[in-house]
Amino acid sequence: MLENSRFNPAPGIKDFWNEFRKPQPYRVPILILSATPLALMAWWLSGETHYKEPERPSITYITTFDPTRTDEEIVASNLENQEVKDLREARDAELAERKRDLYKALGAVAGMDVEEIERRADEARAAEEAAEEARRAEMFGRSVEDETAPETASADDAPNDRTNESDAS
């Protein structure tokens, strides 16, 4: 009764064994080639990698300053550093001004309108500074109006003497 069942593997195994027992020249290479993918997958899946737990980072504090400094010493150090920073910025501004003067002289020799070029460069610098101030104000959560003092009204902001046509009606 088991031999007539659809789920009985015995007849299939007997058939395979009968075919496998027949002498064929490529029987062993085909068997090795057929088993290779399964063996490779088993080898790949069986390989486990165990990573050791990473070491906790060691914290090194800034050791260039004396930890027993007083507040007065800290303030004096900060003022000294600010002086050096101001001197560097002044030197950079001086070099930039000298460079602008050299370019103006070169432009004048070449026949360019150096005043117009300088005006455009000043406008571009002012726009860059305003953008930087806006970025800083946004970063610190302040509005740009809080940062800047009220400026004098420009000619564009002055009231217009001409009447608007829509006002006349």
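The values are calculated or read from the model by the stated rules, or taken from the named source; none is laboratory data. What you see is a predicted model; the values in this text were computed from it and never measured. Neighbour counts are summed over all protein chains in view; Cβ atoms, including those assigned to glycine, are modelled from backbone coordinates with ideal geometry. Ligands, DNA and RNA are stripped out before the accessible areas are found, and what is left, the full protein with its side chains, is counted by its heavy atoms. Shrake-Rupley method; radii C 1.70, N 1.55, O 1.52, S 1.80 Å.
Taking a ≥ b ≥ c as the square roots of the eigenvalues of the Cα gyration tensor of segment 1-147, is the shape rounded (a/c under 1.5), prolate (a/b larger than b/c) or oblate? Prolate, since a/c reaches 1.5 and a/b exceeds b/c.
At R0 = 22 Å, how high is the FRET efficiency between GLU89 and ILE117 if r is their beta carbon distance? Nearest 0.05 is fine. Mind dumping the intermediate values first?
Working: r = 25 Å, r/R0 = 1.12.
Efficiency, rounded to the nearest 0.05: 0.35.
With a probe of 1.4 Å, find how much accessible area segment 1-59 has per residue, and write the answer as a whole number in Å².
Details: 6580 Å² over 59 residues.
In whole numbers, segment 1-59 has 111 Å² accessible per residue.
In the context of the full protein assembly, VAL75 retains an accessible surface of approximately 80 Å², using a probe radius of 1.4 Å and ignoring ligands and nucleic acids.
Multiply the residue gap between ALA134 and HIS50 by 0.36 nm, knock off their C-alpha separation, and tell me the result in nm, one decimal place.
Values: separation 84, 0.36 × 84 = 30.24 nm, distance 5.09 nm.
Value of the extension gain: 25.1 nm.
Solvent-accessible area of PHE20, all protein chains in place: 60 Å² (probe radius 1.4 Å, heavy atoms, ligands and nucleic acids excluded).
Within the accessible area of segment 60-147, the carbon and sulfur atoms contribute 55%, probe 1.4 Å, all protein chains present.
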